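One structure is given below, encoded as structure tokens.
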């Protein structure tokens, strides 16, 4: 086992100040980018910058770069399993055939006084008749 | 895992492994280094479960955004971006003061530890204050989970009877769940930070023993890290 521990390498205050400045600049960039319309690129940019910021926090503030490998593995495992969780949930949703409103349970309507709910099953008029 | 035999504690001189001498040394650990490393592994395991705890909510948020894309875009316009950005900056600064507290503890600088911890608590309180302001604004406007959500003039997704889609309330259900759970973590953080501030003030921490400061620091950075994702997801994404 190597002798690399948080004690043999030590960051000074200077490193932390630089880390903070980098994080603040990235925050500024991500807020500024949100006011520009990149279409679907906005999501990608925002999440990419968030990931860069999170990595900086983990590596510098949480000292992961000087940490024993076992701790880095634990941290990465958390995110790995989160990734698997995300991936399968989205695969499930994206491969469902018909996530249309009329396939879902009817919402509890909160109607204003004087308005009656449309009869159940009436809309949408274009819904296909049951096939046998 | 092998135990490391480096001597951290120069004050212990001939005793080598920092053994027996140190009042913080618990007998079931070979030496202080092993004790410290063990605590760290435990903390990182806890943090991994925290990531998964919030992860479930992030996945739910993602699925609902997929289902109600238009509603989520319109609903997110009700959040005040400048306040979210302000809170991001406040939390980043608090992470910096926290890491400085850990560094000062490593250097046995008691005064600075207490000062930086108090600054961290202050930032945490500012964060919660801003959140309180945001929450009360949302309560007033009835920007709440579906059951209590009141239609806003700008809501375009409606059914034939003119009722707004459930998507709007769903957005705020997730907003309150996730920022609420995060807020609880901040609150817990304040309690933990206060506890170690008192202990630091009593002079319990030095370069020979500062594990609690270090571990609570890790917790605090994780809370910051979660906010780093919450902020763009709720306030910025179109």
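The values are calculated or read from the model by the stated rules, or taken from the named source; none is laboratory data. Predicted model only: the values in this text are computed from it and were never measured. FYI the Cβ positions are ideal-geometry reconstructions off the backbone, even for glycines, and counts take in every protein chain you see.
General observations
- Residue check, residue B:171 more than 23 Å from residue A:46 (Cα to Cα), crowded, with 23+ Cβ neighbours inside 10 Å, touching a helix residue (DSSP H, G or I) at 6+ places or on another chain (Cβ under 9 Å) and more than 14 Å from every other protein chain (Cβ to nearest Cβ): no
- Some residue of the range B:77-92 being out of contact with any helix residue (DSSP H, G or I) (no Cβ under 9 Å at 6 or more places or on another chain) and within 12 Å of another protein chain (Cβ to nearest Cβ): yes
- Criterion violated by residue B:203 - all others in (1) assigned to a helix (DSSP H, G or I); (2) touching a residue at least 40 places away in the same chain (Cβ under 8 Å) satisfied: (1)
- Across the range B:136-167, the qualifying residues are those that are over 14 Å from residue B:72 (Cα atoms) and touching a residue at least 24 places away in the same chain (Cβ under 8 Å), and the one among them that is nearest to the other protein chains (Cβ to nearest Cβ) is B:141.
- Answer from B:124, B:105, B:151 - the residue that is touching a strand residue (DSSP E or B) at 6+ places or on another chain (Cβ under 6 Å) and either in a helix (DSSP H, G or I) or on the phi < 0 side of the Ramachandran plot (or both): B:151
- Answer residue from the range B:186-196, given it is in contact (Cβ under 8 Å) with a residue 60 or more places away in the chain and in contact with a helix residue (DSSP H, G or I) (Cβ under 6 Å, 6 or more places away or on another chain) and is farthest from the other protein chains (Cβ to nearest Cβ) among those: B:190
- Single residue of the range B:197-220 satisfying the filter (under 19 Å from residue B:112 (Cβ atoms) and within 10 Å of chain A (Cβ to nearest Cβ)) that is nearest to the chain's Cα centre (by Cα): B:220
- Some residue of the range B:216-238 being touching a residue at least 12 places away in the same chain (Cβ under 8 Å), more than 27 Å from residue A:59 (Cβ to Cβ) and outside any loop (DSSP other than H, G, I, E, B): no
- Residues that are surrounded by fewer than 20 Cβ atoms within 10 Å (Cβ to Cβ) and in contact with a strand residue (DSSP E or B) (Cβ under 8 Å, 6 or more places away or on another chain) within the range B:24-76 comprise just one, B:24.
- Residue check, residue A:33 more than 17 Å from residue B:92 (Cβ to Cβ), modelled with pLDDT of 90 or more, in contact with a helix residue (DSSP H, G or I) (Cβ under 9 Å, 6 or more places away or on another chain) and not in a loop (DSSP other than H, G, I, E, B): yes
- Only a single item in (1) surrounded by 19 or more Cβ atoms within 10 Å (Cβ to Cβ); (2) assigned to a helix (DSSP H, G or I); (3) out of contact with any strand residue (DSSP E or B) (no Cβ under 9 Å at 6 or more places or on another chain); (4) more than 10 Å from chain A (Cβ to nearest Cβ) is not met by residue B:115, and it is number (1).
- Residue count for the range B:41-64 satisfying the condition of being facing another protein chain (nearest Cβ under 9 Å), in contact (Cβ under 8 Å) with a residue 24 or more places away in the chain and more than 19 Å from the chain's Cα centre (by Cα): 1.
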